[in-house]
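Below is one structure, written out as C-alpha cells; the observations come after it.
The values are calculated or read from the model by the stated rules, or taken from the named source; none is laboratory data. These numbers were taken from a predicted model, which means no experiment stands behind them. A quick note on method: Cβ atoms are made from the backbone with ideal geometry, for glycine too, and the neighbour counts reach across all protein chains shown.
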RNA sequence: GGGCCCGUGGCUCAGCAUGGAUAGAGCGACGGCCUUCUAAGCCGUAGGUCGCGGGUUCAAAUCCCGCCGGGUCCGCCA
C-alpha cells in the first residue's frame, strides 16, 4: 500500500524518485525545492509553496504542508482504511509486491569436514532470510548448498576417517571433525603424509572407485549432521550440489574449452588465465601441470550450469571470498556469461580471535542453539499457566528466534565479535520482543472472541496519532520486501519489524481495546488484528515462529 | 607493501546507495509504572567533536582526498 502512496506522490510532483524520501516529519517528504532554489536563485520555501499550489489532489494523499522548503505529504484517511482492509482481506498473502522472476540462491556451502560453526550460520541465516523474502516478493526461488567435496581438507578428513575411525555415538558432523583435526595434527608432525593426501585427491578426481566410496561416506556423514543443524535453525535447501558432479558431467571440460576458444588460456604446463588487464596481480590457474583442476575451475563450471538454468543467481559468501568471487565474476564476463550477484558478509570472530575448524577453535552452531535454548527455558519456567510441552515448544521458538534475529539484524558488511553474554540475553528489543508483541495481539483477539465481541471495523477518522503511525508502518510491508529484494540487505526487514512491534507497544500502552465503547473497540480490534497479521507474516520471513502465547 | 570492509554515547547497532529539517534505537546506569487487554512490557533522566585532518556545497554522519586504528585477502589450497 505504501508503494501506491509513493507512486501517487511521485505522479503528482513529476520529479525524480530521489527527491522523495521517508522522513520523521511526514509520511513522505520532497526536497526538490532546494535544488530548484539554486537554479532559480529564489528561496526554497517560496518555490515549494508555488509547487504545492499547482498540485492536483489524489485519493491517498491526505494533506500537504510546506515547512522550511520541504514539501511534506501525509496519507489520507482513505489510505489508512484501505490499508487495514487489505491486510485483513489478504491475511497470509498480505505483503507481497508481486514481482516476477526466477532466482537461484546459493548459501551456506560450508566444507563438509565438520559441524557448522557460528560463522557459517551467519551465511545460512542471511541466505535463508533472503530466500524467504524473495519468495514473498513473488519470485520463484531455488536454494542450493554447494558441497565442496573435492577439497584438500576433505581428503585430509577422509584419510583421518580411514586411519582413526570415528566415534559413532556422536552427532556425525562432530565425530567427523575429530578425524579432521587429528589428521591435521598428524600431517603437521609427519609432513611426508602430504603425499598421501595428494594421491587421494588425484584418485578422487580421476574417478577411482575406492576413493569415491570413501569420500562419499565421509561427506555424507558430515552433511547428515549439518542438515540436522540447519533444520533446527529453520533453514532449508532445495538441493545439495556436489562440486565433483561438474567434473563427472562434462561441465568442467566444457568451461575449459570455452576459455580456450576465447583465447583466455595461457598453456604453460599449467593452464592459466591472465587477468592483469583487469587489475589483478596474480594469474588464475584453472588446470594444474598434473592435469587436475582447481576449485575455481569447478566453480566456473557450476556457474556455466547456473547460466543455462537461471536468469538470476545469487551467492552468499564470506568476505574472505571477495577476491576469488570477483575473479569469478570477471572471468564469466570475459566468456560472455552472466556473473552471479554476490552478497558478502564479514566474519564472525571470537573475542580471542578468528575461528578455525582445522584447529578445533570454533563454537559450533549446535552448542550455541542448546545454550540459548536452556536460557530461554529458564524464563518460560516462570509461566505457570503453560504445560510442559508448551514450555518446551516456546523455549525452542524463542531460542531459534533470538539466534536468527541476532545475526540477521546486523548489516552483512559489519564484522561481528561473538559474545556469549549477549547471545543469551532476551531482555531487549529483538526477536522475543516481536514474538511477545504478536502474542499480545493474539491474546486481545482471543479475549474478544471469548467475550462475544469479535467484530472488526476500522474507521480512519477515529485514528489517534499513534494509531495512524502504526497503520502507516503496517502499510510499508511490501515496500520493505521490495527494498530487500533490490538491495539484498535482509537487515532492513528485521529493523522494520522491530519498528512495527515498537509502534504496537506504544499503541497498547494507552489505547484500551476491549474496554472501549463498541465503535472504538471494533476500530481498535481491526488495528490489533492487522498488526497481528503483519507481525506473523513478517516473523515468518525471518524464519522465526510467531507464538500465540509465551 | 597493495586491494577490499569496518570505525556513530560506557557497550552493541540503525542511518550513508540517491547530501537536507533537532544524529535514532537497544543494553548498561539512575528514577518511576502491575486491584485495568501478557511487566519477555511501558515512562522518565543522564550520556554524542558521527575515528582524525582537509575539501566540495546554501547544506556533510552521508560525497571526494589524505591519515590513524581494527579486520580480511593477495597458493599449480579451498
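Here are the numbers for this structure:
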| quantity | calculated |
| --- | --- |
| All helices (runs of 4 or more DSSP H) inside the stretch A:405-486 with 1 or more residues being near RNA strand B (Cβ under 8 Å from one of its atoms) | A:420-423, A:431-450 |
| Residue that is nearest to RNA strand B (Cβ to nearest atom) [pool: residues in the stretch A:329-370 that are at negative phi and free of Cβ contacts under 8 Å to residues at least 12 places away in the same chain] | A:354 |
| Residue count, the stretch A:288-302 (criterion: assigned to a helix (DSSP H, G or I) and over 24 Å from the mean Cα position of the chain (by Cα)) | 6 |
| Selection count, the stretch A:371-384, where residues are more than 9 Å from RNA strand B (Cβ to nearest atom) and more than 32 Å from the chain's Cα centre (by Cα) | 1 |
| Any hit, the stretch A:303-321, residues being part of a helix (DSSP H, G or I), buried (at least 16 other Cβ atoms within 10 Å of the Cβ) and in contact (Cβ under 8 Å) with a residue 60 or more places away in the chain | yes |
| Residue in the stretch A:421-446 that is modelled with the lowest pLDDT, counting only those that are surrounded by fewer than 13 Cβ atoms within 10 Å (Cβ to Cβ) and more than 22 Å from the chain's Cα centre (by Cα) | A:427 |
| The stretch A:378-405, residues that are at pLDDT below 90 and in contact with a helix residue (DSSP H, G or I) (Cβ under 9 Å, 6 or more places away or on another chain) | A:378, A:379, A:380, A:381, A:383, A:386 |
| Candidates A:304, A:300, filtered to the one that is more than 7 Å from RNA strand B (Cβ to nearest atom), modelled with pLDDT of 95 or more, under 20 Å from residue A:202 (Cα atoms) and out of contact with any strand residue (DSSP E or B) (no Cβ under 6 Å at 6 or more places or on another chain) | A:300 |
| The listed residue being assigned to a helix (DSSP H, G or I), more than 21 Å from residue A:315 (Cβ to Cβ) and within 16 Å of RNA strand B (Cβ to nearest atom), out of A:224, A:217, A:194 | A:194 |
| Selection count where residues are within 37 Å of the chain's Cα centre (by Cα) and more than 14 Å from residue A:298 (Cβ to Cβ), scope the stretch A:246-261 | 2 |
| Any pair with Cβ under 7 angstrom, 6 or more apart, that starts in the stretch A:507-519 at a residue that is not assigned by TED's automatic domain parsing to the domain that holds residue A:458 and ends at one that is near RNA strand B (Cβ under 6 Å from one of its atoms) and assigned to a helix (DSSP H, G or I) | none |
| Residue match in the stretch A:62-75 (condition: touching a residue at least 12 places away in the same chain (Cβ under 8 Å), within 30 Å of residue A:522 (Cα to Cα), assigned to a loop (DSSP other than H, G, I, E, B) and touching a strand residue (DSSP E or B) at 6+ places or on another chain (Cβ under 6 Å)) | no |
| In the stretch A:1-55, the residues that are touching a strand residue (DSSP E or B) at 6+ places or on another chain (Cβ under 8 Å), part of a loop (DSSP other than H, G, I, E, B) and within 11 Å of RNA strand B (Cβ to nearest atom) | A:22, A:23, A:25, A:26, A:27, A:31 |
| Output for the stretch A:267-277, where each listed residue is surrounded by 12 or more Cβ atoms within 10 Å (Cβ to Cβ) and either near RNA strand B (Cβ under 8 Å from one of its atoms) or at pLDDT below 90 (or both) | A:270, A:272 |
| Flag for residue A:209 being in the same structural domain as residue A:241 (by TED's automatic domain parsing), more than 34 Å from the chain's Cα centre (by Cα) and surrounded by 15 or more Cβ atoms within 10 Å (Cβ to Cβ) | no |
| Qualifying residue in the stretch A:491-503 (condition: assigned to a helix (DSSP H, G or I), touching a residue at least 12 places away in the same chain (Cβ under 8 Å) and farther than 30 Å from residue A:128 by Cα) | no |
